[in-house]
Amino acid sequence: MRPDGRRNNELRSFTFERDFTEMAHGSCLVSFGRTRVLCTASVEEEVPRWLRGTEQGWVTAEYSMLPGSSPERIRRRNSGRGQEIQRLIGRSLRAVVDLSAVAERQIIVDCDVLQADGGTRTASICGGFVALHDAFTRILADGGLQEHPITNQLAAVSVGIVDGEARLDLPYEEDAIAEVDLNVVMTGAGDYVEVQGTAEGDPFTRDRLDALLDLAAEGITEVVSTQVDLLATPLAPRP
């Protein structure tokens, strides 16, 4: 039995709250268990210098853990870990965006961890996708786009081996003792965007890897289904 009573193939309770803030084009408060991340998508009517004149847009991300998000206060700094995670989020989001349809504008997805209990990077991808989708929807509705640039759904989960068992969506208590730890990003079509995996102790077999990927796909399918239902509801008009 897992510490929180879940089955090995069961996600933590998760929610998406759209338009959590009103200033950004899109925002989402995403929760997986006790992990909570505020994702906002802000639009800039310009692109990085190296994209000027290409008629192509850009999507990027920034990630940070806020002070008070963990038992020990997190200092306000751009750590190497944070840079690695925000690059992962940006790559993942760009994988499901037709950048040629964005025109020469940049969308920055900020992922600020309000409370961390494992899986902050995967939650950021899931919530960041919702915020980005809503931002594009608003630009399209305002006549700034000819078509919606999102080409597919996107979600991510963590999986790992704890006490010799493959488990889905690890909280910190399990992540800290996992023998194998994987973060898996997939599209709604079931294609892989990125797989990050580490053996924390002994190496693991191909069979173990396949079992973890199957478990991740099962969890991502559930998250994507929730996203689809959520995004089918029209956005509330802004004053």
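The values are calculated or read from the model by the stated rules, or taken from the named source; none is laboratory data. Given the structure is predicted, the values throughout are model-derived calculations rather than measurements. Neighbour counts are summed over all protein chains in view; Cβ atoms, including those assigned to glycine, are modelled from backbone coordinates with ideal geometry. SASA here: full protein model, heavy atoms, side chains in, ligands and nucleic acids out. Shrake-Rupley method; radii C 1.70, N 1.55, O 1.52, S 1.80 Å.
Counting only residues that are over 16 Å from the mean Cα position of the chain (by Cα) and among the β-branched types (Val, Ile, Thr), region 152-204 holds 5 of them. For region 153-193, the tally of residues that are buried (at least 16 other Cβ atoms within 10 Å of the Cβ), part of a loop (DSSP other than H, G, I, E, B) and free of Cβ contacts under 8 Å to residues at least 60 places away in the same chain stands at 4. So Gly219 clears everything in (1) of a type outside the set (A, V, I, L, M, F, W, C); (2) without any contact (Cβ under 8 Å) to a residue 24 or more places away in the chain; (3) in contact with a strand residue (DSSP E or B) (Cβ under 6 Å, 6 or more places away or on another chain) except one condition, right? Which one? Only one criterion in (1) of a type outside the set (A, V, I, L, M, F, W, C); (2) without any contact (Cβ under 8 Å) to a residue 24 or more places away in the chain; (3) in contact with a strand residue (DSSP E or B) (Cβ under 6 Å, 6 or more places away or on another chain) is unmet by Gly219, namely (2). Among the residues making up region 34-59, those that are buried (at least 20 other Cβ atoms within 10 Å of the Cβ) and under 18 Å from the mean Cα position of the chain (by Cα) are Thr35, Arg36, Val37, Leu38, Cys39, Thr40, Ala41, Trp58, Val59. Ser70 meets the conditions (1) touching a residue at least 40 places away in the same chain (Cβ under 8 Å); (2) open to solvent by 90 Å² or more (accessible area, probe 1.4 Å) in every case but one. The failed one is (2).
Residues in region 201-216 that are part of a loop (DSSP other than H, G, I, E, B) and in contact with a strand residue (DSSP E or B) (Cβ under 6 Å, 6 or more places away or on another chain): Phe204 only. Residue check: is Thr21 modelled with pLDDT of 90 or more and of a type in the set (Ser, Thr, Tyr)? When the stated conditions are applied, Thr21 passes them. Listed by first and then second residue, the pairs linking a residue in region 18-46 that is without any contact (Cβ under 8 Å) to a residue 40 or more places away in the chain to a residue that is of a type in the set (Val, Ile, Thr), with Cβ atoms under 9 Å apart and 6 or more places separating them unless they lie on different chains, are Phe20/Thr40; Thr21/Thr40; Met23/Thr40. Condition check for Leu132 on (1) surrounded by fewer than 21 Cβ atoms within 10 Å (Cβ to Cβ); (2) on the phi < 0 side of the Ramachandran plot: one failure, at (1). Determine if region 80-93 includes at least one residue that is crowded, with 22+ Cβ neighbours inside 10 Å and part of a loop (DSSP other than H, G, I, E, B). No: region 80-93 contains no residue that is crowded, with 22+ Cβ neighbours inside 10 Å and part of a loop (DSSP other than H, G, I, E, B).
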